[in-house]
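Below is one structure, written out as structure tokens; the observations come after it.
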């Protein structure tokens with residue numbers, strides 16, 4: 001079915017259709033590989049918690065950015081909504097790293 005869908009989509013939208021099909025395919029493939037890696041590295045007694053957290057994170061990633069940008073843009077402008085998202089995306093890895101370092105230090109001492 002995928003080749004028929006891709007052919008119809010490409011005929012209707014040209015190069016944008018090709019890019020969209022390849023993007024969707026790679027996104028699904030990466031998501032599947034990440035879920036498999038998570039399942040392989042998670043102990044069986046924590047599998048439900050790990051998969052539930054992963055699904056919650058995925059859903060928050062799908063909708064959270066849209067809600068953040070829309071909420072800030074409603075009060076201010078769209079540019080400020082995008083700026084808020086950029087600040088959050090830049091700060092998240094730093095906060096994660098600091099939290100990880102704190103956790104490692106608390107286990108040692």
Q | Spacing of the two label points (7 Å from each Cα toward its C-beta) at residue 94 and residue 39, in nm | A | 3.8
Q | Linear extension gain, residue 104 paired with residue 55, 0.36 nm per residue minus alpha-carbon span | A | 15.1 nm
(Q) From the convex hull of the Cα coordinates of segment 24-109, what is the mean projected area in square nanometres? (A) 8.0
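Since every read-out is calculated from the coordinates, none of them should be taken as a lab result. None of the values given here were measured: they were computed from a predicted structure. We place every Cβ from the backbone using ideal geometry, glycine too, and count neighbours over all the protein chains shown.
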